Amino acid sequence: MKGGRGRHTVERGPRKEREASGMWTGNSPAGNQGAAMEGTGGELGGQGNWGLEDAPGLLARASLPIMPTWPLPLASSALTLLLGALTSLFLWYCYRLGSQDLQALEAGSRARGGSGGPGGCSEGGRPSPGSSGESGEGPRAEGLVSRRLRAYARRYSWAGMGRVRRAAQGGPGPGGGPGVLGIQRPGLLFLPDLPSAPFVPRDAQRHDVELLESSFPAILRDFGAVSWDFSGTTPLPRGWSPPLAPGCYQLLLYQAGRCQPSNCRRCPGAYRALSGLRSFMSANTFGNAGFSVLLPGARLEGRCGPTNARVRCHLGLKIPPGCELVVGGEPQCWAEGHCLLVDDSFLHTVAHNGAPEDGPRVVFIVDLWHPNVAGAERQALDFVFAPDP
């Protein structure tokens, strides 16, 4: 009896334990794994004969994860797909935005016919790109400015390009029409929202003005080394360009954004001064620098430069009586050893009304950036109007 009662007691213990262990096994995959490990055909101690030696199996079963492991990799895959979809959507949006901008730019370029404004040459530079037909003056063909601007934005960014984009859309003047009061008509590029005045204060380019004025003696010596009689009866000396108009000669150290090495070697003082300037427009087709000579009786009739993005600096070298410069209806005159800053996108006229014995009027002309053109805009314009290779 005692033995039977004791056996009954012993059997009740394992049954309760097995019932208690059911919450770990149940029908879950973890329970099945535990049964497979024990090899008992369904559950641990399936025959009811177990003891302390079965404790490690129970502990191993208890340590198995309750939740199945399949949802974690599935969630990771879903997150990856979501991020990919968002990235694709963002790229598509950027593409659409750029396409709309380019369509607007090309429409503006077609509207203005690739160039505009009156023809003619500005003193100290080559003929304005709008009419000369020369190949070195920069992009003039229809849509070329837009294509180069698009290439710049693809390589860098549209950031800070608001005025440049509007210039490409709007043509050579405000709203595509004539400039301020009809007297500011740049032949190729009108950059909007720039302060406009025929003459620019010296303080706007103080560093470069003071550097050029301090280099006046060296630049004057360089002119004496390359000067000639300007009679027109002898062949044109080496380095001098054909006359822009009767009695108007020039020797350029930089021509349409290209350095002229032979002329720079002949004029070391002038070249050294150019190298020290901070705002010299030396990397695009709007930039020129060199000597300009006007003989007595010569006159350059009203003309406009190619862009309002530059300011033309005149350093007086030899200024005889009777010389006159009229810009935007405002007359001015040069002074030897001093700089005069001119916005040559305004209609301007140059004349030498002196006597033949007075000799030629000589100025050293340098194209500088307009002080209100930002650095990002300068970089973009250098790219768009880079000299042809």
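Do the conditions hold for VAL373, that is, is it modelled with pLDDT of 95 or more and under 22 Å from PRO201 (Cα atoms)? The answer is yes for VAL373. Only residues that are surrounded by fewer than 17 Cβ atoms within 10 Å (Cβ to Cβ) and over 24 Å from TYR254 (Cα atoms) were counted across segment 341-357, and they come to 4. Restricted to segment 301-333, and to residues that are among the small types (Gly, Ala, Ser) and in a strand (DSSP E or B), which residue is surrounded by the fewest Cβ atoms within 10 Å (Cβ to Cβ)? Taking the candidates together, the pick is GLY302.
From the list GLN184, GLN205, GLN250, GLN255, which residue is within 26 Å of the chain's Cα centre (by Cα), polar (S, T, N, Q) and either open to solvent by 70 Å² or more (accessible area, probe 1.4 Å) or under 19 Å from GLY302 (Cα atoms) (or both)? First the steps, then the outcome.
Values: GLN205 fails: either open to solvent by 70 Å² or more (accessible area, probe 1.4 Å) or under 19 Å from GLY302 (Cα atoms) (or both); GLN250 fails: within 26 Å of the chain's Cα centre (by Cα); GLN255 fails: either open to solvent by 70 Å² or more (accessible area, probe 1.4 Å) or under 19 Å from GLY302 (Cα atoms) (or both).
Selected residue: GLN184, the only one of GLN184, GLN205, GLN250, GLN255 that is within 26 Å of the chain's Cα centre (by Cα), polar (S, T, N, Q) and either open to solvent by 70 Å² or more (accessible area, probe 1.4 Å) or under 19 Å from GLY302 (Cα atoms) (or both).
Evaluation of GLU336 against the conditions (1) touching a Leu at 6+ places or on another chain (Cβ under 6 Å); (2) of a type in the set (D, E, K, R); (3) open to solvent by 20 Å² or more (accessible area, probe 1.4 Å) shows that the sole unmet condition is (1).
Every residue in segment 263-300 that is in contact (Cβ under 8 Å) with a residue 60 or more places away in the chain and open to solvent by 30 Å² or more (accessible area, probe 1.4 Å), please. So that I can check it myself, show each step before the final result.
Keep residues of segment 263-300 that are in contact (Cβ under 8 Å) with a residue 60 or more places away in the chain, which gives 270, 273-274, 276-281, 283-296, 300.
GLY276, ARG278, ALA283, LEU295, PRO296 - these are the residues of segment 263-300 that are in contact (Cβ under 8 Å) with a residue 60 or more places away in the chain and open to solvent by 30 Å² or more (accessible area, probe 1.4 Å).
If the condition is being buried (at least 18 other Cβ atoms within 10 Å of the Cβ) and either part of a strand (DSSP E or B) or out of contact with any Gly (no Cβ under 9 Å at 6 or more places or on another chain) (or both), then segment 213-238 contributes only PHE223.
The values are calculated or read from the model by the stated rules, or taken from the named source; none is laboratory data. Everything numeric in this text was worked out from a predicted model, so none of it was measured. Cβ sites come from the backbone with ideal geometry, for glycine too, and all protein chains shown count toward neighbours. Keep in mind that these areas ignore ligands, DNA and RNA; they rest on the heavy atoms of the full protein, side chains included. Shrake-Rupley method; radii C 1.70, N 1.55, O 1.52, S 1.80 Å.
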